[in-house]
Amino acid sequence: MQVIPMTAKNRKEAEPVAALRYAKVLNELGISKEAVLEAGNIFEKSQELKAALVNPVITKETKHNIIDKVFSEEMRTFLKVVCDHEKMTIAEQIFAAYEELQNQAAGVKTVYLRYTALPSEEQKKQMGDFIKKKYGAGDIKWVMAEDKALIGGFILQVDGKEYDYSVQGRLNRLQRKLTN
């Protein structure tokens, strides 16, 4: 058996896996969705809270007291376990993974759209219809970001699959074709 030392690189690679595991546990605990979303919002808004809960100098007891004062009773035990296992650095990833699990259970697909010009409602509807048909989605959660590097057009990402309809993508494909 080969032992691989934990480095910053493979620790970073393990974070999404750990976040998904914690999210699955959170989902199985039967904690209300509202309590989980509220906790996620608190983490998102408070840099001081995050800093305190990941600080190795602050004792476990002090961190537990902070959790007791800030979070709903439903969330406290779960967050204390996360804290005790020194995984508070990935708390936001845990909440994002939990939300994704909830969306999957509800038949909602998360679609990432990078664009140069904001699509019209009709264009968005057409893209949505394509995704619903192709992936059997009941509904769509859009995550949209402007990306001027695309030069024109857009890139859709769904379930790890990318649909590149950008000018930059076409130029890259043309360049590969010409150099081969």
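Points worth noting:
- Complete set of residues in the stretch 121-167 that are open to solvent by 60 Å² or more (accessible area, probe 1.4 Å), part of a helix (DSSP H, G or I) and either β-branched (Val, Ile, Thr) or more than 24 Å from Ala106 (Cβ to Cβ) (or both): Glu122, Gln123, Lys148, Ala149
- Lys177 vs. criteria exposed (fewer than 15 other Cβ atoms within 10 Å of the Cβ) and over 24 Å from Gly30 (Cα atoms): yes
- Among residues that are touching a strand residue (DSSP E or B) at 6+ places or on another chain (Cβ under 9 Å) and more than 18 Å from Ala19 (Cβ to Cβ), Asp129 is not included.
- Candidates are the residues of the stretch 109-120 that are under 14 Å from the mean Cα position of the chain (by Cα) and surrounded by fewer than 19 Cβ atoms within 10 Å (Cβ to Cβ); the one that is nearest to Ile66 (Cα to Cα) is Thr110.
- Selection status of Arg114, at pLDDT 95 or above and closer than 30 Å to Glu28 by Cβ: no
The values are calculated or read from the model by the stated rules, or taken from the named source; none is laboratory data. Everything numeric here is computed off the predicted structure, so don't read it as measured data. Cβ sites come from the backbone with ideal geometry, for glycine too, and all protein chains shown count toward neighbours. Surface accessibility is based on the protein's heavy atoms, side chains included, excluding ligands, DNA and RNA. Shrake-Rupley method; radii C 1.70, N 1.55, O 1.52, S 1.80 Å.
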